[in-house]
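Report on one structure; see the data block that follows.
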Amino acid sequence: MKYKNFNTCIIKTKIGNIFIEIKDYKVIKIFPTNLKITNFKYLSSKTLSLFKPINQQIEGFLEGKIINFSFSIHLQGSSFQKKVWNEIKKIKYGKTLSYLDIAKKIDSSPRAVGLACSKNINLFIIPCHRVINSNGNLGGYIMGNSTKNYLLNMEKKNYDFLLL
DNA sequence: TACAACTCCGCTG
DNA sequence: CAGCGGAGTTGTA
């Protein structure tokens, strides 16, 4: 992992570079980036110790070795978006729900749910990859549908293996 | 107002 | 039954 400045860093993962931002000791952003991970300043040892477990968990998750995250995030968005994201957060590892399922829970429409999903900047922690079309199709994903498919297959495989 | 990471419904082969 | 097109729907810039 390389560090950009005091409260952000970028990690290289098997699905691409991931940008991570922290504010007031909470994660506020986990998002793909095209930024190169070179020539970055290093963090203070204090901040480094904050990032280290977070980065390890994200990397571990993407490799299928970690199922839940132990750190907390701070959601930034409209009240509707937060409602959607909180519902998505309840979807368990290896499971999926449809946009319609979420819409019913919060008394809204699937189209609006999809819109909120597309605004999710806390990838994996808010597992929007677990939200798919009601007909079984994949729907969309900020990192592309092949990545969404990879994540879902990985989770399903581990789900069966671990007998969750 | 236009548009979106959706669904539903009614057609057509 | 699969595939397609259009309408309905809610939240956002």
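Per the Debye formula on identical point scatterers at the alpha carbon atoms of chain A, with no solvent, log10 I(q)/I(0) at q = 0.15, 0.17 Å⁻¹ is -0.83, -1.05. For A:THR13, the amide hydrogen comes within under 5 Å of the amide hydrogens of A:ILE18, counting only partners 5 or more places away or on other chains and with H modelled in the peptide plane.
In terms of distances greater than 18 angstrom between alpha carbons, the cross-link table entries A:LYS52/A:LYS156; A:LYS95/A:LYS156; A:LYS12/A:LYS156 yield A:LYS52/A:LYS156; A:LYS12/A:LYS156. Using C-alpha pairs below 8 Å separated by at least 6 residues, the relative contact order for chain A is 19 percent. In this simple spin-label approximation, A:THR13 and A:ASN135 carry label points 7 Å from Cα along the Cα→Cβ vector, and these lie 3.0 nm apart. For a straight C-alpha distance cut-off of 14 angstrom, the aspartates and glutamates reachable from A:LYS105 (same-chain residues fewer than eight places away being disregarded) are A:GLU87.
What FRET efficiency do you get for A:LYS89 and A:THR33 if R0 is 22 Å and r is their Cβ-Cβ distance, rounded to the nearest 0.05? That pair, A:LYS89 with A:THR33, gives E of 0.45. With a threshold of 30 Å on the Cα-Cα distance, the over-threshold entries among A:LYS36/A:LYS157; A:LYS23/A:LYS89; A:LYS46/A:LYS83 are A:LYS36/A:LYS157; A:LYS46/A:LYS83.
Translational diffusion coefficient of region A:30-123 (Stokes-Einstein, Kirkwood radius from Cα pairs, 25 °C, 0.890 mPa s): 157 µm²/s.
At a temperature of 10 °C and a viscosity of 1.306 mPa s, determine how fast region A:72-164 diffuses translationally according to Stokes-Einstein, using the Kirkwood radius over alpha-carbon pairs as Rh; express D in µm²/s, rounded to the nearest whole number. The diffusion coefficient I find is 119 µm²/s.
Coordinate-derived values only; no laboratory data. Here the structure is a predicted model, which is why all the values come from computation and not from measurement. Cβ: placed from backbone, ideal geometry, glycine included. Neighbour counts: every protein chain shown.
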